[in-house]
1. Name the single residue that is surrounded by the most Cβ atoms within 10 Å (Cβ to Cβ) among those in the range 139-170 being within 16 Å of ligand 1 (Cβ to nearest atom) and within 25 Å of THR221 (Cβ to Cβ).
2. With the checklist (1) on the phi < 0 side of the Ramachandran plot; (2) surrounded by fewer than 20 Cβ atoms within 10 Å (Cβ to Cβ); (3) away from ligand 1 (no atom under 14 Å from the Cβ) in hand, flag the one item TYR65 doesn't pass.
3. Give just the number: which of (1) at pLDDT below 95; (2) within 14 Å of ligand 2 (Cβ to nearest atom) does LEU247 not satisfy?
4. So which strands (runs of 3 or more DSSP E) stay within the range 101-182 end to end and still have 1 or more residues that are of a type in the set (D, E, K, R) and closer than 18 Å to ASN74 by Cα?
5. Out of everything in the range 19-50 that is among the small types (Gly, Ala, Ser) and part of a loop (DSSP other than H, G, I, E, B), what residue ends up being surrounded by the most Cβ atoms within 10 Å (Cβ to Cβ)?
Amino acid sequence: MSGIIIKTPAEIEVMRQAGGKAADVLRVVCDAVKPGVTTLELDHLALDTMERLGVKSAFLNYMGYPAQTCISVNETVIHGIPGSRVIQDGDVVSIDVGVWHMGFVGDNAKTVMVNVEDPAVIALVENTEKALMAGIEAVRPGARLGDVSHAIEQVANKSRLSVVREFVGHGCGRSMHEEPQIPNFGPSGRGPILREGMVLCIEPMFNLGSRRIRTLDDGWTVVTSDGKPAAHFEHMIAVTAEGAEILTPR
Ligand code: MF3
Ligand code: CO
């Protein structure tokens, strides 16, 4: 027995729309990331886009979160609060967008590079995305959740990146966070069995340096302890008869 909610095909269709809109907002914001723009300007663009698409932020007011999106620059891993920080050449910018659509959440995230030249930083971003895709490829009915976690961790190990352990992926549906929790590390062959109709948000967070993180006094901003950059990618997927469908296609 597990408490993982199985969605009907009709519910998956609504979540496909929610995911599509979350992906649309993410694309618009990512395309606007340029040197000189502030993270608050990017957040305003997200709000404009959500209003145009008829959706609302799933993050605003979530446990008191004060913005539409999370925008996490360089040493900020996740939950960066948009503000006066100005984007510069060489930055890596992680953007996380969640929306409410017809009673369901769509959730996705991506790290974009701003004229990054440092090969180690490029490898960080590319391998974090590769790990997300490896995790998704491990999804099929009958597989174990640990197979997904392990596939992600293996990409980190091969590319000598460290895995953030304090934050995890999650089930998604009528709440942003449902069971199960999805760690980005751990043994294969363990954990709940995946079944058709589950909807999962898979979201690896990798650091270039140490895996150690800390939360700033604002209660949200999660930064690397060593100040080195981090990357974060997230897709919301449905478990299908064949494998996985990405509900937040780029
Ligand atoms: N994608 C993140 C998550 O799954 C976004 C949460 S940001 C918050 O939890 F501000 F809403 F907490
Ligand atoms: Co998420």
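1. ILE152
2. (3)
3. (1)
4. Values: elements: 104-113, 169-171, 178-182.
Answer list for the range 101-182: 104-113.
5. Of the residues in the range 19-50, the ones among the small types (Gly, Ala, Ser) are 19-20, 22-23, 32, 36, 46.
In the following step, the residues that additionally are part of a loop (DSSP other than H, G, I, E, B) were identified as 32, 36.
Values: ALA32: 16, GLY36: 9.
The extreme case among them is ALA32.
The values are calculated or read from the model by the stated rules, or taken from the named source; none is laboratory data. It should be emphasised that the depicted structure is a prediction, and the values quoted were computed from it without experimental measurement. When we count neighbours, we look across all protein chains shown, and the Cβ atoms used for this are built from the backbone with ideal geometry, even at glycine.
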